[in-house]
């Protein structure tokens, strides 16, 4: 059935142009030139989506547009509203997002921007939120989605997988939050794997390892001679991800200057290669992740609010391991199986007492710390069935062992001290192999070297 879309703009030429575009795309459009007429139409007809300009009667404040949005949401809070505003009025669009708008588009817009935003908003509206009392079955989820490699049956976690299964086929930007080690990258990969972009690239970018001076070159590429060391041309991450998904990890570590440049490409889907004046288009689905509180960073002026709203059309919070302890046995057996294959110890197992012991540990490093503990234990024991004593030995044998370093006490360590401790242990475990250490800690090599410098660690 054709989706009905109401266009609200005081410019008849804009209305006519958008009506033609939407009709050609298979929608059923109608238009209104005043807030009063728009509200009357909403009272007599059902619409699936609204495209609303923010300025009326030549007003530049946008207050009339904000009031109209409030009236629309009061009339029908479920209907998605996509706002249209000028680039210089993004703060107005951000206000609109706070009032319940689904998305915003800045002028001058392109037809593809309009259509993509409409498709995404309609797709998200169709993917209705899961009911809190709904029982979600892992078996049902796995029957229509690919969650291979993701272990967990905790009800909170299954709700997350259910959300992923429903929003993956849209192009909505997704912000994944959660503590370090909770598996944010796995969730990002699952979103891509279950999307219509599955056959296209999935490009990971650890923004914590990219300095402001290198941001443009890394993200947008450069031409030969663009700067002193540019001895050859290089493709940027956005070009590599074209048609697919780009995963921006550690988005909270991005400097303000770089945030402005990122916002522009996310808004316009265009960029310029460093050293070239040619504007290029890019078609990407954006997924970002952070272990920081971006709302607090916005309040402190450390993160742009307009960028935050551009990134988190859908927000997914991954619970820490301590809030899904029933998954610890499943995760432990999964890791044990994989580690056994790596070290050619195929008879590995773990007894019930040891599983109970693991379930009673806080694991501030979350799933990553659980895996590292199991691997260290396997390396330190000849037993095929791991017992509590084996895990205690692994804890005691950690480098520079102090009483406070015990798993049960790590939670009271300062964050920097805990991070330094984990790096030192990884250095010892992987014999200084930087690539293996970076992979185990979920960091890029550049980010790892930055932490070496920060903590005064000498190789």
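State which residue is surrounded by the most Cβ atoms within 10 Å (Cβ to Cβ) when the search covers only the stretch 337-364 and only residues that are closer than 20 Å to residue 442 by Cα and free of Cβ contacts under 8 Å to residues at least 24 places away in the same chain.
Across the stretch 337-364, the extreme among qualifying residues is 338.
Looking at (1) surrounded by 14 or more Cβ atoms within 10 Å (Cβ to Cβ); (2) in contact with a helix residue (DSSP H, G or I) (Cβ under 8 Å, 6 or more places away or on another chain); (3) more than 18 Å from residue 180 (Cα to Cα); (4) modelled with pLDDT of 80 or more, which is the one condition that is false for residue 334?
(2)
Please return the ranges of strands (runs of 3 or more DSSP E) entirely within the stretch 184-278 where 3 or more residues are farther than 21 Å from residue 117 by Cβ. It would help to see each step written out before you state the result.
Numbers: elements: 202-206, 245-249, 270-272.
Answer list for the stretch 184-278: 202-206.
Could you please give the count of residues in the stretch 155-178 that are in a loop (DSSP other than H, G, I, E, B) and surrounded by fewer than 18 Cβ atoms within 10 Å (Cβ to Cβ)? Reasoning before the result, please.
Kept after step one, since they are in a loop (DSSP other than H, G, I, E, B), are these residues of the stretch 155-178: 168-173, 178.
Applying the additional criterion that residues be surrounded by fewer than 18 Cβ atoms within 10 Å (Cβ to Cβ) yields 169.
Of the residues in the stretch 155-178, 1 are in a loop (DSSP other than H, G, I, E, B) and surrounded by fewer than 18 Cβ atoms within 10 Å (Cβ to Cβ).
I'd like to know if the stretch 106-126 contains one or more residues that are more than 28 Å from residue 52 (Cβ to Cβ) and either buried (at least 17 other Cβ atoms within 10 Å of the Cβ) or modelled with pLDDT of 95 or more (or both).
Residues of the stretch 106-126 more than 28 Å from residue 52 (Cβ to Cβ): none.
There is no residue in the stretch 106-126 that is more than 28 Å from residue 52 (Cβ to Cβ) and either buried (at least 17 other Cβ atoms within 10 Å of the Cβ) or modelled with pLDDT of 95 or more (or both).
Answer with yes or no whether residue 367 is buried (at least 18 other Cβ atoms within 10 Å of the Cβ) and touching a helix residue (DSSP H, G or I) at 6+ places or on another chain (Cβ under 9 Å).
Working: buried (at least 18 other Cβ atoms within 10 Å of the Cβ): yes; touching a helix residue (DSSP H, G or I) at 6+ places or on another chain (Cβ under 9 Å): yes.
Yes, satisfied.
Taking helices (runs of 4 or more DSSP H) that do not extend beyond the stretch 404-456, which have at least 1 residues that are at pLDDT 75 or above? Write out each step before concluding.
On the way: elements: 407-410, 415-429, 434-441, 445-455.
The helices (runs of 4 or more DSSP H) meeting that bar are 415-429, 434-441, 445-455.
Please go through the stretch 282-307 and give me each residue that is outside any loop (DSSP other than H, G, I, E, B), in contact (Cβ under 8 Å) with a residue 12 or more places away in the chain and more than 26 Å from residue 200 (Cβ to Cβ), ordered by number. Working first, answer last.
So in the stretch 282-307, the residues outside any loop (DSSP other than H, G, I, E, B) come out as 285-290, 294-299, 305-307.
The next check asks that each one be in contact (Cβ under 8 Å) with a residue 12 or more places away in the chain; those that pass are 285-290, 294-295, 297, 305-307.
Of everything in the stretch 282-307, those that are outside any loop (DSSP other than H, G, I, E, B), in contact (Cβ under 8 Å) with a residue 12 or more places away in the chain and more than 26 Å from residue 200 (Cβ to Cβ) turn out to be 294, 295, 297, 305, 306.
Condition first: outside any helix (DSSP H, G or I) and either touching a residue at least 60 places away in the same chain (Cβ under 8 Å) or outside the structural domain of residue 114 (by TED's automatic domain parsing) (or both). Now tell me which residues in the stretch 8-29 satisfy that.
Selection gives 8, 9, 25, 27.
Does at least one position in the stretch 137-154 carry a residue that is touching a strand residue (DSSP E or B) at 6+ places or on another chain (Cβ under 6 Å) and assigned to a helix (DSSP H, G or I)?
No, every residue in the stretch 137-154 fails to be touching a strand residue (DSSP E or B) at 6+ places or on another chain (Cβ under 6 Å) and assigned to a helix (DSSP H, G or I).
Among the residues of the stretch 189-208, is any surrounded by fewer than 19 Cβ atoms within 10 Å (Cβ to Cβ), farther than 30 Å from residue 145 by Cα and in contact with a strand residue (DSSP E or B) (Cβ under 9 Å, 6 or more places away or on another chain)?
Within the stretch 189-208 (the criterion being surrounded by fewer than 19 Cβ atoms within 10 Å (Cβ to Cβ), farther than 30 Å from residue 145 by Cα and in contact with a strand residue (DSSP E or B) (Cβ under 9 Å, 6 or more places away or on another chain)), the answer is no, since none of the residues qualifies.
What residue, of 258, 277, is crowded, with 18+ Cβ neighbours inside 10 Å, out of contact with any strand residue (DSSP E or B) (no Cβ under 9 Å at 6 or more places or on another chain), assigned by TED's automatic domain parsing to the domain that holds residue 203 and closer than 26 Å to residue 223 by Cα?
Values: 277 fails: crowded, with 18+ Cβ neighbours inside 10 Å.
One residue alone meets the criteria, 258.
The values are calculated or read from the model by the stated rules, or taken from the named source; none is laboratory data. Just so it is clear, the structure is predicted and the values come from calculations on it, not from any experiment. When we count neighbours, we look across all protein chains shown, and the Cβ atoms used for this are built from the backbone with ideal geometry, even at glycine.
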